[in-house]
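For reference, the structure is listed below as structure tokens.
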Amino acid sequence: MKALLIVNGQAGKGKTRTRWIRLEGYLQTFGIHYDVHFTTRPKAAIEVVKHAAANQYTHVIAVGGDGTVNEVVNGIAGQNIVFGVLPTGTGNDFARMLQIPVDPFLAVKKIGTEVHRPVDLLQLNGGYVAGAVGIGLDGAVAEDINRVSWKKRMGTFGYVLSMLKLIFTFPPFSVHLEIDSQVFDFQGCWLVAIGNSQFYGGGMKICPNAKFDDGLLDVCIVHNLTHLQLIKLFPSVFTGKHILHPNVLCLQGRSVRIQTDPAVPVHGDGEILGKTPGEIYIRPQALHVIY
Ligand SMILES: Nc1ncnc2c1ncn2[C@@H]1O[C@H](COP(=O)(O)OP(=O)(O)OP(=O)(O)O)[C@@H](O)[C@H]1O
């Protein structure tokens, strides 16, 4: 094993750099050969890991949250590299998906085992998403928490506050969806979430039936609810029971084409990825992850 560790000091409300000192102490006890790279700016990690295999690395480990995971996964795509994560972010939904402890000091023990397994990825407009894509209200929340730094100040609670605020200002939209060969049209849509993972937003079970290795993407559509109904429904997303509501539709497929009117924000793994329209595909077993 020769590992390249990508450390995002900004992840987890800026606490990763100080935690890294202790984490490195644990890593050294495994006798692993590794190099460390500290990210210098958003998106820089993609370039750093692009030639990891050519530089004789067998493993790339992301030390950060879901944004760091997203960057590294996009950089190593197509290379013969095993991926690992030490979750030091705020939401850490990728680690939750794989049942890796969200405490990095527990997760670090997995790295030494080198046991890995294939995991599906989502492909959105050419780039990869490891966990989930959120369209509409969710995309607006991702924009909002990054803009006002709520996540930095309040962690996962920032998602909740932002969602509650935006429920009153975000206008519902109309959506045209093609899931494999089936066509769906909705008016008054609040959000469409597409999950490889059950989780997004720091533990919300938006697609509770999603499995990361079943070769399928899960689609959750929330539509035709009043503001009050949406606020009442919101707490049940933490248990996945929201899917029992008659205005929440859950579907599965291998590809999704989505058009909306008007264009609405899209996030992947919590990172802002522009606006609709979009095409999302499942890429079965596209990544090998230390488990
Ligand atoms: N050196 C850097 N300076 C500033 N931002 C950076 C740097 N390196 C990476 N980033 C950006 O930091 C952002 C936050 O990182 P990340 O998403 O990993 O942590 P988080 O937001 O705390 O966790 P989560 O996404 O799991 O809630 C990402 O958008 C990433 O692109």
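The values are calculated or read from the model by the stated rules, or taken from the named source; none is laboratory data. Because the structure is a prediction, the values reported are computed rather than measured. Every residue, glycine as well, gets a Cβ built from its backbone with ideal geometry; the counts of neighbours run over all protein chains shown. Calculation scope for accessible area: heavy atoms of the full protein, side chains included, ligands and nucleic acids excluded. Shrake-Rupley method; radii C 1.70, N 1.55, O 1.52, S 1.80 Å.
Ordering SER181, SER162, SER255 from largest to smallest accessible area (1.4 angstrom probe), what's the sequence?
SER181, SER255, SER162
For GLU114, GLU47, what's the largest-to-smallest order of accessible area, 1.4 Å probe?
The ordering from most to least exposed comes out as GLU47, GLU114.
Take the stretch 42-165, drop everything but the C-alpha atoms, weight them equally and run the Debye formula without solvent; then report log10 I(q)/I(0) at 0.19, 0.20 Å⁻¹ to two decimals.
Ignoring solvent entirely, the Cα scatterers give -1.14, -1.23.
With the convex hull built on the Cα atoms of the stretch 129-285, state its orientation-averaged projected area in nm².
8.2
Provide the three semi-axes, in whole Å and in decreasing order, of the ellipsoid equivalent to the stretch 2-114 as defined by the square roots of 5 times the Cα gyration tensor eigenvalues.
For the stretch 2-114, the ellipsoid semi-axes come out as 18, 16, 13 Å.
Choose one answer from GLY203, GLY78, GLY12: the residue with the largest mean-square fluctuation in a GNM of the chain with alpha-carbon springs under 10 Å.
Answer for the Gaussian network model of the chain: GLY78.
Considering Cα pairs under 8 angstrom that are at least six residues apart, work out the relative contact order of the chain and quote it in whole percent.
21
Where is the GNM fluctuation largest for the chain (alpha-carbon springs, 10 angstrom cutoff): THR58, THR18, THR260?
Looking only at THR58, THR18, THR260, the biggest GNM fluctuation is shown by THR18.
Suppose every Lys and Arg Cβ carries +1 and every Asp and Glu Cβ carries -1, with no other charges. What dipole size does the stretch 129-285 come out with about its Cα centre, to the nearest 20 debye?
In debye, rounded to 20, the stretch 129-285 gives about 560.
So if I place +1 on the C-beta of Lys and Arg and -1 on the C-beta of Asp and Glu, and nothing else carries charge, what would the dipole magnitude of the chain be about its Cα centre? I want it in debye, nearest 20.
940
Let me check something: with ligands and nucleic acids excluded, how do LEU233, LEU164 order by accessible area (1.4 Å probe), largest to smallest?
Largest to smallest exposure gives the sequence LEU164, LEU233.
Mind checking the angle between helix 137-147 and the chain's longest principal axis? C-alpha axes, 0 to 90 degrees, to the nearest 10.
Computed tilt is about 50 degrees.
Express in Å², to the nearest 10, the accessible area of ILE32 obtained by rolling a 1.4 Å probe over the protein heavy atoms while all chains stay in place.
Taking all protein chains as shown, ILE32 has close to 30 Å².
If you build the convex hull over the alpha carbons only and average its shadow over all orientations, what do you get for the chain? Give it in nm² to one decimal.
13.6
Using a 10 angstrom cutoff on alpha carbons, build the Gaussian network for the chain and name the most mobile of ALA77, ALA193, ALA210.
Maximum among the listed residues: ALA77.
What figure in square angstrom, to the nearest 10, would you give for the accessible area of ASP214 with a 1.4 Å probe?
Taking all protein chains as shown, ASP214 has close to 50 Å².
Towards the positive end of the charge dipole of the stretch 129-285, with charges on Cβ (+1 Lys, Arg; -1 Asp, Glu), say which of LEU233, VAL160, PRO277 has the farthest Cα.
VAL160
Given +1 on the Cβ of Lys and Arg, -1 on the Cβ of Asp and Glu, and no further charges, what dipole in debye does the stretch 2-114 carry about its Cα centre, rounded to the nearest 20?
Computed about the Cα centre, the dipole is about 260 debye.
If you project the alpha carbons of the stretch 56-121 onto the principal axes, what extent comes out on each, in Å, largest first?
So the extents along the principal axes, rounded to whole Å, are 28, 24, 20.
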